[in-house]
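Here is the structure we will look at, set down as structure tokens.
The values are calculated or read from the model by the stated rules, or taken from the named source; none is laboratory data. What you see is a predicted model, and the numbers here were worked out from it, not measured in a lab. Here Cβ is always computed from backbone atoms with ideal geometry, including for glycine, and neighbour counts include all displayed protein chains. To get the accessible areas, we keep the full protein, side chains included, count just its heavy atoms, and leave off ligands, DNA and RNA. Shrake-Rupley method; radii C 1.70, N 1.55, O 1.52, S 1.80 Å.
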Amino acid sequence: MKNFINLKDIPAKDLRKILIDAKKRKNKRKKISTLDTDKDKPLKGKLLIQMYEKQSSRTRLSFYIAISQLGASSITVKESELHLGKGGESLADTAKILSTYGDGFLLRTNSDKKISDFSKNLTIPIVNLLSPSSHPCQVLSDVFTVEEIMKKPISKLNICWIGDCNNVLNSLIAASIKFDFSLNIGCPNNYSPPKFVIDWVKKNKKTINIFNDPKQAAKNADVVFSDKVVSLNDKGNKEKKIRDFKNYKINSELMKVTRPQSIFLHCLPRGNEVSEDVFLGNKSKVWQQALNRVHVQKSILLYCFGKLR
Ligand code: CP
Ligand code: NVA
């Protein structure tokens, strides 16, 4: 049994195995209906319990489909309806109960500590569905999408992030180390990645390039990533943050400095950080990106259950 909490803690070879498995499974699903199971039904009979402390459209639905395709079932519980939320039952007792009834626990939370506390008390795998510090399922799936579209290992591509230094970027930075790709970040001065991330990059003898000029960051990029300026866990002055990012909008002018075959990716939901013409234009692959969540998450679950082929 393995957890899937942060990319930085998962061996690179395991992350690669997940992507190889996802590709094989995706290739086998042409012309199969959404909820038809994969032939081998590798998780038949298992119950996966999902819990969301914050909103989710894509993660919730893509995991529902992923779990169904693996032959397992899923139930979504709300913290406010559990004793954990209202009746004061301890996290340890809740974890024991989840482990008694369920085979895996999938959690989106406002607290990194909660994921870590659950992981210590569960006897079933836990998957991080987004926390303040990371969004590992999203980013591993994005690596898959990049390689699928560009038909090259991501290590041969120039990856660029324009936007806030948030949970998605933290996971992208972790991916840049695990998959060894070059990463340029374009963000205002006061919004650079946090110290714990920079320290980890240094410890791994890797560099990430941070630019305050978005055009410099995007120059010769093969892939431009972005995300909302204001994230779900942001508590600060949102108007000020949006003002601070006003020169970092991804528009067709910015995309002109990227490579001719470059693509644009965004995990969604979006705000004003990208212009309508780029978001809906030829370079944008955001719908393929969203769909691939299903395929990669299936293999993430199989990794957790020791069932990768
Ligand atoms: N990209 C993503 O995780 O979307 P949701 O918040 O809708 O799950
Ligand atoms: N950074 C965003 C990602 C949403 C999928 C957030 O945390 O709200």
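Just a few scattered comments:
- Residue within region 174-182 that is within 15 Å of VAL224 (Cβ to Cβ) and either outside any loop (DSSP other than H, G, I, E, B) or open to solvent by 10 Å² or more (accessible area, probe 1.4 Å) (or both) present: yes
- Residue in region 202-216 that is buried (at least 19 other Cβ atoms within 10 Å of the Cβ) and either on the phi > 0 side of the Ramachandran plot or among the aliphatic types (A, V, I, L, M) (or both) present: yes
- When the criteria are applied in full, THR94 fails the requirement of being more than 18 Å from the chain's Cα centre (by Cα) and open to solvent by 40 Å² or more (accessible area, probe 1.4 Å).
- Qualifying residue in region 155-164 (condition: over 20 Å from the mean Cα position of the chain (by Cα) and either open to solvent by less than 10 Å² (accessible area, probe 1.4 Å) or closer than 28 Å to ALA66 by Cβ (or both)): no
- For the residues GLY71, GLY104, the requirement of being in contact with a Cys (Cβ under 8 Å, 6 or more places away or on another chain) and open to solvent by less than 40 Å² (accessible area, probe 1.4 Å) singles out GLY104.
- Exactly one residue among GLN261, GLN289 is of a type outside the set (A, V, I, L, M, F, W, C) and surrounded by 16 or more Cβ atoms within 10 Å (Cβ to Cβ), and that residue is GLN289.
For (1) closer than 15 Å to SER299 by Cβ; (2) open to solvent by 60 Å² or more (accessible area, probe 1.4 Å); (3) touching a residue at least 24 places away in the same chain (Cβ under 8 Å), each residue gets a yes or a no:
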position: LYS28; (1), (2), (3): yes, yes, no
position: ASP36; (1), (2), (3): no, yes, yes
position: LEU43; (1), (2), (3): yes, no, yes
position: LEU48; (1), (2), (3): yes, no, yes
position: MET51; (1), (2), (3): no, no, yes
position: GLN55; (1), (2), (3): no, yes, yes
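- Residue match in region 222-231 (condition: open to solvent by 80 Å² or more (accessible area, probe 1.4 Å) and either more than 16 Å from the chain's Cα centre (by Cα) or closer than 23 Å to LEU157 by Cβ (or both)): no
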